[in-house]
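Structure, as structure tokens:
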Amino acid sequence: MRLLIMGAPGAGKGTQATALAEHYGVPAISTGDIFRFNIKNETSLGLKVKAIIDAGEYVPDDVTEEIVAARLEEPDCEPGFLLDGFPRTMHQVHFLDRYLSERGQGLDAVVSLHVDPEALVQRLLKRAELEGRADDNADTIRRRMEVYAGQTAPLLFHYENKGSLVDVDGTGTVDEVRERMFAAVDAHVAS
Ligand code: UDP
Ligand code: MG
């Protein structure tokens, strides 16, 4: 099973990605988590991307694509994968399309989690208190929303045109959204 999960910052991608990946027995791969791990450990990658992420901008495509390609070669991706937070740009979409088609593979579903913009900001500000992420402050949140709307939201059309998109309402409790998402994805892959 090869899956993507997409949605604005704060839509609940990380939380629901973990559940969905477990449901299908594939690893959940979050490029954001990979970057944060590298920042925390002060690796050369971490040092390169810290200022970009703190500003709410995107890490350059070539850097991100190289990381994803290497991660997808790991043996645990043999049965498939769930990518959380990648692709984020049209360049990355084309990279992933090419990567998969060269291997005779494709995506089974692209989950799009929808949450209204006001609720998103509230969730991110709450997460800031709980987790202390450097990019969860009012200014950076605003910038991340703009970058998402400009660069990432349009990618949904690409997947909709391919017939891969599964729209899921991301409002409600974590359990409600999870069950709604499982039902929608199960129905999509069965059809
Ligand atoms: N980021 C990026 N490319 C990625 C993943 C993350 O540039 O493939 C950066 C970007 O600055 C983003 C931040 O890392 O705002 C946090 O990403 P994450 O996916 O964890 O946050 P979310 O959008 O889920 O709130
Ligand atoms: Mg995330």
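Odds and ends about this structure:
- Within the stretch 151-170, the set of residues being within 14 Å of PHE86 (Cβ to Cβ), open to solvent by less than 30 Å² (accessible area, probe 1.4 Å) and not hydroxyl-bearing (Ser, Thr, Tyr) comprises just one member, LEU155.
- Options ILE67, ILE53: the member that is buried (at least 20 other Cβ atoms within 10 Å of the Cβ) and closer than 21 Å to ARG144 by Cβ: ILE53
- Residue list for the stretch 37-50, filter: open to solvent by 50 Å² or more (accessible area, probe 1.4 Å) and farther than 18 Å from ALA69 by Cα: LYS40, ASN41, GLU42, SER44, LEU47, LYS48, LYS50
- Restricting the stretch 70-87 to residues that are farther than 14 Å from LEU3 by Cα and not charged (D, E, K, R) leaves a set whose member that is most open to solvent (accessible area, probe 1.4 Å) is PRO75.
- Every test in (1) touching a strand residue (DSSP E or B) at 6+ places or on another chain (Cβ under 8 Å); (2) surrounded by fewer than 17 Cβ atoms within 10 Å (Cβ to Cβ); (3) modelled with pLDDT of 95 or more is passed by VAL110 save one, and that test is (2).
- 2 or more residues away from ligand 2 (no atom under 16 Å from the Cβ) and modelled with pLDDT of 95 or more: qualifying helices (runs of 4 or more DSSP H) within the stretch 5-106: 13-24, 44-54, 61-72, 90-102
- Between TYR99, TYR148, the distinction of being among the aromatic types (Phe, Trp, Tyr) and within 17 Å of ARG2 (Cα to Cα) belongs to TYR99 only.
- Subset of the stretch 90-107 [open to solvent by 60 Å² or more (accessible area, probe 1.4 Å), out of contact with any Asp or Glu (no Cβ under 8 Å at 6 or more places or on another chain) and of a type outside the set (A, V, I, L, M)]: HIS94, ARG98, SER101, GLU102, ARG103, GLY104, GLN105
- The stretch 1-11 - residue that is more than 9 Å from ligand 1 (Cβ to nearest atom) and either charged (D, E, K, R) or under 13 Å from the mean Cα position of the chain (by Cα) (or both) and, of those, surrounded by the fewest Cβ atoms within 10 Å (Cβ to Cβ): ARG2
- Among the conditions (1) surrounded by 12 or more Cβ atoms within 10 Å (Cβ to Cβ); (2) without any contact (Cβ under 8 Å) to a residue 24 or more places away in the chain; (3) part of a helix (DSSP H, G or I); (4) charged (D, E, K, R), the only one that GLU129 does not satisfy is (1).
- Tabulated pairs, the stretch 16-44, first closer than 17 Å to LEU82 by Cα and away from ligand 1 (no atom under 11 Å from the Cβ), second open to solvent by 50 Å² or more (accessible area, probe 1.4 Å) and in a loop (DSSP other than H, G, I, E, B), C-beta under 6 angstrom, 6+ apart or interchain: TYR24/MET1; VAL26/MET1; VAL26/PRO79
The values are calculated or read from the model by the stated rules, or taken from the named source; none is laboratory data. Remember, it's a predicted structure, so these values are computed and weren't measured experimentally. Note that we place each Cβ from the backbone using ideal geometry, even for glycine, and neighbour counts take in every protein chain shown. Just the protein is used for accessible areas: all its heavy atoms, side chains included, with ligands, DNA and RNA removed. Shrake-Rupley method; radii C 1.70, N 1.55, O 1.52, S 1.80 Å.
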